[in-house]
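Below is one structure, written out as structure tokens; the observations come after it.
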Amino acid sequence: MNTLDTTDLKILLELIRDPRVQIGELSDALGIARNTAQSRIRRMLRSGLLHDGGREIDLEAVGYDVVAFVTIEVSHRELDGVVGALRLIPQVLEVHEISGRGDVWCRVVATDTHNLQAALRSILRIKGVIRTETVLALHTHIPYRTEPLISRLAQSQAQTAARPK
């Protein structure tokens with residue numbers, strides 16, 4: 001779905017900011033009819049752009065189909081500044097301080113390899129970044145998930161509650 005208009009993008013932004021926003025609140029905030037908001041969300045869900053009831057956006061569907069994992073070696077005195085600067089790069093989706101090779105790991109998305117190169121250059125220009133190593137993702141076999149963990153906890157609690165005391 002690459003035919004998103006301004007209203008679609010505003011709806012997506014509101015859903016990102018508050019995934020539990022009600023249709024009435026959403027339509028009021030954007031100044032559109034409830035039916036318009038509801039039909040557009042339904043369309044985005046049907047197309048696969050929105051997942052999990054509107055809580056997860058398929059970035060590939062909006063043109064960000066290059067995913068890279070970047071390991072960054074950082075001058076430790078500059079770590080906080082590096083993290084703050086990474087926060088300002090829109091293509092950086094997440095940042096983790098890590099052990100092992102490198103100091104910081106981040107997931108970066110881009111529209112194409114030129115856009116990725118521009119993001120990587122932005123990262124390299126950050127004060128305190130010593131070097132980076134980039135790995136491209138070719139395919140996502142298991143997307144980020146939490147359901148198996150919560151299911152296991154629920155099952156464990158149910159078994160504990162069912163045991164005779």
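Annotations
- Most mobile of A110, A68, A33 in a GNM of the chain (Cα contacts under 10 Å): A33
- Whole-Hz couplings from phi, Karplus 6.51/-1.76/1.60, listed for the stretch 146-151; x for Gly and Pro: 10, 4, x, 5, 5, 4
- Given [x] 19.5, 64; [y] 15.0, 43; [z] 20.2, 64, the label whose value is Rg and Dmax of the Cα atoms in Å derived from this model: [z]
- Look at the alpha carbon pairs under 8 Å that are at least 6 residues apart: their mean separation over the length of the stretch 6-59 gives a relative contact order of 28 percent.
- If you run the Gaussian network model on the chain, springs between alpha carbon atoms under 10 Å, then out of D65, D112, D18 the most flexible one is D18.
- For the stretch 26-92, the set of trypsin sites (Lys or Arg not before Pro) satisfying both a DSSP loop assignment and a count of at most 16 other C-beta atoms within 10 Å is given as R55.
- Here the sum of -39500 (n - 2.57) over DSSP H runs of 4 or more residues, divided by the residues of the chain, equals -13500 deg cm²/dmol at 222 nm, to the nearest 500.
- In plain terms, the residue of H51, H141, H96 with the fewest other Cβ atoms within 10 Å comes first and the most crowded comes last, giving H141, H96, H51.
- When the charge dipole of the chain is built from unit charges on Cβ atoms (+1 for Lys and Arg, -1 for Asp and Glu) and taken about the Cα centre, the candidate among V109, H76, N35 whose Cα reaches farthest toward its positive end is N35.
- Computed over the chain with a Gaussian network model linking Cα atoms closer than 10 Å, the most mobile of Q155, Q38, Q91 is Q155.
- Counting beta carbons within 10 Å around each of E97, E56 and listing the fewest first gives the order E97, E56.
- Fully extending the segment from F69 to E133, taken as 0.36 nm per residue of separation minus the present Cα-Cα distance, adds 22.2 nm.
All of the numbers you see were taken from the coordinates with simple rules; none came from a lab. In this text the structure is predicted, and so the values were computed from the model without any measurement. All Cβ positions, glycine included, derive from the backbone under ideal geometry; neighbour counts span all protein chains shown.
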